[in-house]
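Worksheet: one structure, shown below.
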Amino acid sequence: MHSLIHSPQFRFTPHDFQAAPTAMKQGSNQGLRFMWFNEYKRIVTDDGQRPLTPIMGLFGGMSAGCFSTLGNNPFDVAKTRMQGSMASQYTGMFDCFRKILANEGVGALYAGVIPRLGRVVPGQGIIFMSFETIQSYLENNFAIFAI
């Protein structure tokens with residue numbers, strides 16, 4: 001086992017971490033979105049005592065889209081910059097954050113947030129509403145899907 005772990009196949013180089021900005025962006029995006037929606041659903045259904053209506057699902061999805069976008073936009077900005085034509089000026093994700101903050105300030109981490117909200121918020125509302133409505137229909141009409 002020792003020789004396997006120390007073999008050249010398991011050594012990491014800085015090149016191996018180039019996917020970190022994308023992983024951080026996607027991970028924070030999905031984590032924040034589902035955390036928010038599940039907590040929203042718990043509150044509005046009184047811990048499952050009331051059904052989630054389609055309009056509740058729509059608003060929950062929209063608010064989850066807003067929350068996740070605001071929470072992970074800094075990662076999206078860093079990812080975009082590190083994949084752009086000026087990527088060579090950054091040695092990594094943390095260097096990118098450091099340079100953005102030092103040269104442009106916190107506001108630069110929210111560049112493009114308004115158009116992104118305009119795309120994400122309605123889309124997530126529709127997706128969560130659709131999923132919850134279809135799931136409820138299947139659970140109520142087909143024994144195989146009942147919890």
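The values are calculated or read from the model by the stated rules, or taken from the named source; none is laboratory data. A quick note: this is a predicted structure, and the numbers were derived from the prediction, not measured. Cβ coordinates were reconstructed from backbone atoms using ideal geometry, including for glycine residues, and neighbour counts include every protein chain displayed. Only protein heavy atoms, including side chains, enter the accessible area calculation; ligands, DNA and RNA are left aside. Shrake-Rupley method; radii C 1.70, N 1.55, O 1.52, S 1.80 Å.
Is one or more of the residues making up the stretch 64-76 over 21 Å from the mean Cα position of the chain (by Cα), open to solvent by less than 50 Å² (accessible area, probe 1.4 Å), under 20 Å from Ser130 (Cα atoms) and touching a residue at least 60 places away in the same chain (Cβ under 8 Å)? Let's see the steps before the verdict.
First pass over the stretch 64-76, keeping only residues over 21 Å from the mean Cα position of the chain (by Cα): none.
No: the stretch 64-76 contains no residue that is over 21 Å from the mean Cα position of the chain (by Cα), open to solvent by less than 50 Å² (accessible area, probe 1.4 Å), under 20 Å from Ser130 (Cα atoms) and touching a residue at least 60 places away in the same chain (Cβ under 8 Å).
Return a yes/no flag: does the stretch 62-84 have any residue that is of a type outside the set (Lys, Arg), outside any loop (DSSP other than H, G, I, E, B) and more than 20 Å from Val113 (Cα to Cα). Explain how you work it out, then say what you get.
As a first pass, look at the stretch 62-84 and keep what is of a type outside the set (Lys, Arg): 62-78, 80, 82-84.
If we keep only those that are outside any loop (DSSP other than H, G, I, E, B) too, we end up with 62-78, 80, 82-83.
Next, only the ones that are more than 20 Å from Val113 (Cα to Cα) stay: none.
Scanning the stretch 62-84, I find no residue that is of a type outside the set (Lys, Arg), outside any loop (DSSP other than H, G, I, E, B) and more than 20 Å from Val113 (Cα to Cα), so the answer is no.
Scan the stretch 41-63 for residues that are open to solvent by less than 10 Å² (accessible area, probe 1.4 Å) and in contact with an Asp or Glu (Cβ under 7 Å, 6 or more places away or on another chain) and jot them down.
Across the stretch 41-63, the qualifying residue is only Gly57.
Please determine whether any residue of the stretch 109-117 is closer than 20 Å to Pro21 by Cβ, in contact (Cβ under 8 Å) with a residue 12 or more places away in the chain and in contact with an Asp or Glu (Cβ under 8 Å, 6 or more places away or on another chain).
Yes: one or more hits.
Among the residues of the stretch 41-58, is there at least one that is basic (Lys, Arg), part of a helix (DSSP H, G or I) and over 19 Å from Thr22 (Cα atoms)? Walk me through how you get there before you give the answer.
Residues of the stretch 41-58 that are basic (Lys, Arg), as a first pass: 41-42, 50.
Within this subset, residues satisfying the condition of being part of a helix (DSSP H, G or I) are 41-42.
Cutting the leftovers down to over 19 Å from Thr22 (Cα atoms) gives us 41-42.
Yes - at least one qualifying residue is present in the stretch 41-58.
Looking only at the stretch 106-146, filter to residues that are open to solvent by 50 Å² or more (accessible area, probe 1.4 Å) and outside any helix (DSSP H, G or I); which one of those is farthest from Asn29 (Cα to Cα)?
Phe142
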